[in-house]
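The structure appears below as structure tokens.
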Amino acid sequence: MESETGLDAYSRIVAGVAAGLTPRVASLRVPHEGGGSQSQGSAVVFTPDGFLLTNAHVVGRAARGTALFSDGTTAPFTVVGADPLSDLAVLRAQGPTPAPAELGEADDLVVGQLVVAVGSPLGLAGSVTAGVVSGLGRSLPTRSGAAARLVEDVIQTDAALNPGNSGGALADARSRVVGINTAVAGIGLGLAVPVNATTRRIIAALMRDGRVRRAYLGVVCVPAPVPAALRERVGRADGLRVAQVVPSGPAARAGLRAGDLLLSAAGGPVATAQDLQRLMFADAIGRPLPITVVRNGALVDVIAEPSELVAA
């Protein structure tokens, strides 16, 4: 009886999320360049005035397409902006859309938590799968032209995905969208771009400007421990080791060297790549960025001036 009760409760949660989100997830038809076949994916309505969120790779270089909703209605849309370096894109439907889904907070997720993937692949409205968060803090490599980036804190889930689910919603038990499904990582595993403070900034920039301006420092870093002798002094156990400094880049001009251990930037601690990346937005371009590093056992302060990242 206990197992049946547990299954019933689980089913009620999944069915509730499916009922709440399915009308808010559209199937997309996006024409390829030069005409011919169309790519397919999903998108989530997230504002009352018809903005939808999907993957950048779903829309590619297209400027428009058609959204199909579960009640049979269709709406043409324009691509407001796409950001391949986060694999997010914002669309604007021309015409009425369902009420928006609620965006949640991926940073509150824990491994083992129930999540539900809702998509509309290949015109099959309301494709719903359920599973758990099987991993957090994963990285997803992305590229735009010559620029490459890691999308940090990607959500890994065992909720089954297929290519048509790309751009669909990954939701928690309260129907809040905590991620945008983006890729199949392997058999039984999928990845979703998290909805958090960093991606909210990206979404806002796409809605406002149609693109995301990013600052560029010119370093490649990996997490590394702070030397034991310095931990008590700096109050930190982890930092970012500079593995590579791009010649003639902002970091090189500031005097950063391979082997330096970054402790702080802009007055805040840095221990993960996202800590640094979340500082690299438009407001950092051309402005002094104070950085503290450990070099040869000593604390060294430098001032860098990030330039604008040119994606292509």
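Select from segment 220-245 the residues that are modelled with pLDDT of 90 or more and of a type in the set (Val, Ile, Thr) and list them in ascending order.
Val226, Val242, Val245, listed by residue number.
All but one of (1) over 30 Å from Arg92 (Cβ atoms); (2) touching a strand residue (DSSP E or B) at 6+ places or on another chain (Cβ under 8 Å) hold for Met207; which doesn't?
With (1) over 30 Å from Arg92 (Cβ atoms); (2) touching a strand residue (DSSP E or B) at 6+ places or on another chain (Cβ under 8 Å) applied to Met207, the lone miss is (1).
Restricting attention to segment 49-72, which residues are part of a loop (DSSP other than H, G, I, E, B), at pLDDT 90 or above and over 23 Å from the mean Cα position of the chain (by Cα)?
Hit for segment 49-72 is Phe69, nothing else.
When segment 211-266 is examined, which residues are found to be within 18 Å of Ile285 (Cβ to Cβ) and surrounded by fewer than 13 Cβ atoms within 10 Å (Cβ to Cβ)?
Ser248
Only residues that are within 13 Å of Asp87 (Cβ to Cβ) and modelled with pLDDT of 95 or more: list them for segment 142-190, please.
Gly179, Ile180
I'd like the residue in segment 92-141 that is assigned to a strand (DSSP E or B), under 19 Å from the mean Cα position of the chain (by Cα) and more than 14 Å from Ala192 (Cβ to Cβ) and, out of all such residues, is modelled with the lowest pLDDT.
As a first pass, look at segment 92-141 and keep what is assigned to a strand (DSSP E or B): 92-93, 102-103, 114-119, 127-141.
From what's left, under 19 Å from the mean Cα position of the chain (by Cα): 102-103, 115-119, 132-141.
With more than 14 Å from Ala192 (Cβ to Cβ) added as a condition, the list becomes 102, 141.
Values: Glu102: 97, Pro141: 69.
Restricting to residues being assigned to a strand (DSSP E or B), under 19 Å from the mean Cα position of the chain (by Cα) and more than 14 Å from Ala192 (Cβ to Cβ), the top hit is Pro141.
Please enumerate the residues belonging to segment 65-91 that are in contact with a helix residue (DSSP H, G or I) (Cβ under 7 Å, 6 or more places away or on another chain) and either in the same structural domain as Val154 (by TED's automatic domain parsing) or closer than 19 Å to Val193 by Cβ (or both).
Residues satisfying the conditions are Val79, Val80, Gly81, Ala82, Asp83, Pro84, Ser86, Asp87, Leu88, Ala89, Val90.
The values are calculated or read from the model by the stated rules, or taken from the named source; none is laboratory data. Quick caveat: nothing in here was measured; it's all calculated off a predicted structure. Neighbour counts run over all protein chains shown; Cβ positions are idealised from the backbone, glycine included.
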